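A.B. asks: I have a structure here, written as structure tokens, and I will follow up with some questions on it.
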Amino acid sequence: MPYKDPEKQRDAQRRYEEKRRGKRHKAWMCVFYEDSSPNWHDGLDEQGVATCVSPVHDRDRWTTHDQAKNPEHRAGDGKVPHRHLLAEFEHAVGYQDFKAFLEDAGITSSNIKFAKSVRGMARYLTHMDSPDKARYSDDEVVEFGGASWREWCERSEDDHAMMQAMREFIVVNEVTDFWAFQFWCDQNQPEWSRLLDRKCYGIDRFVGSVRAWVRAGKSVSLSLL
């Protein structure tokens with residue numbers, strides 16, 4: 001569940017990401033720095049994979065939420081300039097496959113995740129839906145492999161896939177309070193938050209079921225059956 005203790009929350013998130021790494025997905029994303037990946041443009045141009053890269057995020061600042069998760073990220077301090085990358089493969093690939101793709105393109109990144117929502121991440125490349133963050137120019141998004149950033153931004157969401165991801169997160173983190181989960185989504189997963197605003201009944205019932213299971217002293221697991 002969302003923890004008050006930042007260290008417990010980071011541990012829970014790491015466990016969740018480790019479980020997800022073993023699965024295959026079509027869309028992946030990462031953050032990289034040009035100092036360590038100077039030839040990224042030519043490298044991606046040679047891969048032939050639909051990829052979009054953000055403008056340089058050189059006006060980002062740590063927030064109070066970032067500081068709560070990691071005290072070293074002091075609210076108000078500027079972040080190191082960086083870029084976000086979003087790639088969509090024709091077929092689902094694993095974490096190691098995506099990492100190898102980045103290495104072949106000459107990109108070094110320690111911040112790699114699968115993209116729960118292509119639309120949401122595409123819009124995040126310029127902070128399109130984040131009024132509290134610095135807004136970057138749409139014209140500076142770089143496209144490779146036939147990707148159309150603007151089409152990605154307008155893509156219809158796969159509600160079922162996001163619901164599945166939410167249910168898995170709830171089980172892995174033993175979320176037992178819907179209000180806490182929705183507040184966590186507001187701060188950490190805006191696409192989930194918007195979906196809950198539209199369709200919260202099923203997830204509310206699911207959280208209630210997990211709560212009853214936990215209160216009965218039973219262990220919650222993704223492999224119950």
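A.B. asks: Do the conditions hold for Arg74, that is, is it in a loop (DSSP other than H, G, I, E, B), basic (Lys, Arg) and either modelled with pLDDT under 95 or exposed (fewer than 13 other Cβ atoms within 10 Å of the Cβ) (or both)? If you could, list the steps in order and put the result at the bottom.
C.D. replies: Numbers: in a loop (DSSP other than H, G, I, E, B): yes; basic (Lys, Arg): yes; either modelled with pLDDT under 95 or exposed (fewer than 13 other Cβ atoms within 10 Å of the Cβ) (or both): yes.
Answer is yes for this residue.
A.B. asks: Pairs needed: first member in region 89-108, in contact (Cβ under 8 Å) with a residue 24 or more places away in the chain; second member anywhere, open to solvent by 10 Å² or more (accessible area, probe 1.4 Å) and among the β-branched types (Val, Ile, Thr); C-beta distance under 7 Å; at least 6 residues apart or different chains.
C.D. replies: Phe89/Val49; Tyr95/Ile112; Phe98/Ile112; Phe101/Val49
A.B. asks: Just need a number here: residues in region 148-174 that are in contact (Cβ under 8 Å) with a residue 24 or more places away in the chain and in a helix (DSSP H, G or I). Write out each step before concluding.
C.D. replies: Of the residues in region 148-174, the ones in contact (Cβ under 8 Å) with a residue 24 or more places away in the chain are 149, 152-159, 161-163, 165-174.
The next check asks that each one be in a helix (DSSP H, G or I); those that pass are 149, 152-153, 159, 161-163, 165-172.
Total satisfying the criteria: 15.
A.B. asks: In region 160-189, how many are open to solvent by less than 20 Å² (accessible area, probe 1.4 Å) and touching a Cys at 6+ places or on another chain (Cβ under 9 Å)?
C.D. replies: Qualifying residue count, region 160-189: 1.
A.B. asks: For region 79-108, enumerate the residues that are of a type in the set (Gly, Ala, Ser), in a loop (DSSP other than H, G, I, E, B), at negative phi and surrounded by fewer than 20 Cβ atoms within 10 Å (Cβ to Cβ). Can you show your working first?
C.D. replies: Our first condition is that a residue be of a type in the set (Gly, Ala, Ser); within region 79-108, this holds for 87, 92, 94, 100, 105-106.
After this cut, where a residue has to be in a loop (DSSP other than H, G, I, E, B) as well, the list is 94, 105-106.
Still in the running and at negative phi: 94, 105.
Hit for region 79-108 is Gly94, nothing else.
One line per residue, one yes/no per condition, for (1) touching a residue at least 12 places away in the same chain (Cβ under 8 Å); (2) assigned to a helix (DSSP H, G or I):
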| residue | (1), (2) |
| --- | --- |
| Thr176 | yes, no |
| Trp192 | yes, yes |
| Gly202 | yes, yes |
| Val210 | yes, yes |
| Trp213 | no, yes |
| Ser221 | yes, no |
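A.B. asks: Of all residues in region 54-71, count the ones that are open to solvent by less than 30 Å² (accessible area, probe 1.4 Å) and under 14 Å from Trp40 (Cβ atoms).
C.D. replies: 2
A.B. asks: Would you mind stating whether Met121 is within 19 Å of Leu44 (Cα to Cα), in contact with a helix residue (DSSP H, G or I) (Cβ under 9 Å, 6 or more places away or on another chain), open to solvent by less than 80 Å² (accessible area, probe 1.4 Å) and not in a loop (DSSP other than H, G, I, E, B)?
C.D. replies: Details: within 19 Å of Leu44 (Cα to Cα): yes; in contact with a helix residue (DSSP H, G or I) (Cβ under 9 Å, 6 or more places away or on another chain): yes; open to solvent by less than 80 Å² (accessible area, probe 1.4 Å): yes; not in a loop (DSSP other than H, G, I, E, B): yes.
Here the answer is yes, as Met121 does meet what is asked.
A.B. asks: Search region 44-71 for residues being part of a helix (DSSP H, G or I) and within 19 Å of Ala27 (Cα to Cα), and hand back the single one that is farthest from the chain's Cα centre (by Cα).
C.D. replies: Let us first name the residues in region 44-71 that are part of a helix (DSSP H, G or I), namely 44-45, 64-69.
With within 19 Å of Ala27 (Cα to Cα) added as a condition, the list becomes 44-45.
Working: Leu44: 21, Asp45: 24 Å.
The qualifying residue farthest from the chain's Cα centre (by Cα) is Asp45.
A.B. asks: I need the full set of residues from region 118-161 which are touching a Leu at 6+ places or on another chain (Cβ under 9 Å) and within 27 Å of Ile203 (Cβ to Cβ), in order please.
C.D. replies: Val118, Met121, Ala122, Tyr124, Trp152, Cys153, Glu157, Asp159
A.B. asks: For region 167-189, give me each residue that is closer than 15 Å to Gly120 by Cβ and touching a helix residue (DSSP H, G or I) at 6+ places or on another chain (Cβ under 6 Å). Explain how you work it out, then say what you get.
C.D. replies: Just the residues of region 167-189 that are closer than 15 Å to Gly120 by Cβ, to begin with: 185-189.
Scanning region 167-189 gives Cys185, Asp186, Gln187.
A.B. asks: Out of all the residues in region 129-144, which are open to solvent by less than 50 Å² (accessible area, probe 1.4 Å), part of a loop (DSSP other than H, G, I, E, B) and touching a strand residue (DSSP E or B) at 6+ places or on another chain (Cβ under 9 Å)?
C.D. replies: Within region 129-144, Ala134, Tyr136, Val141 qualify.
A.B. asks: Next question, about the same structure. With respect to Arg211, is the statement that it is under 20 Å from the mean Cα position of the chain (by Cα) and surrounded by 13 or more Cβ atoms within 10 Å (Cβ to Cβ) true?
C.D. replies: Working: under 20 Å from the mean Cα position of the chain (by Cα): no; surrounded by 13 or more Cβ atoms within 10 Å (Cβ to Cβ): yes.
When the stated conditions are applied, Arg211 does not pass them.
A.B. asks: Can we say Trp192 is surrounded by 12 or more Cβ atoms within 10 Å (Cβ to Cβ), among the aromatic types (Phe, Trp, Tyr) and in contact with a helix residue (DSSP H, G or I) (Cβ under 7 Å, 6 or more places away or on another chain)?
C.D. replies: Values: surrounded by 12 or more Cβ atoms within 10 Å (Cβ to Cβ): yes; among the aromatic types (Phe, Trp, Tyr): yes; in contact with a helix residue (DSSP H, G or I) (Cβ under 7 Å, 6 or more places away or on another chain): yes.
In short, yes.
The values are calculated or read from the model by the stated rules, or taken from the named source; none is laboratory data. What you see is a predicted model, and the numbers here were worked out from it, not measured in a lab. As a convention, Cβ positions derive from the backbone with ideal geometry for all residues, glycine included, and neighbour counts pool all protein chains shown. Accessible surface is based on the protein model in full, side chains and every heavy atom, while ligands, DNA and RNA are left aside. Shrake-Rupley method; radii C 1.70, N 1.55, O 1.52, S 1.80 Å.
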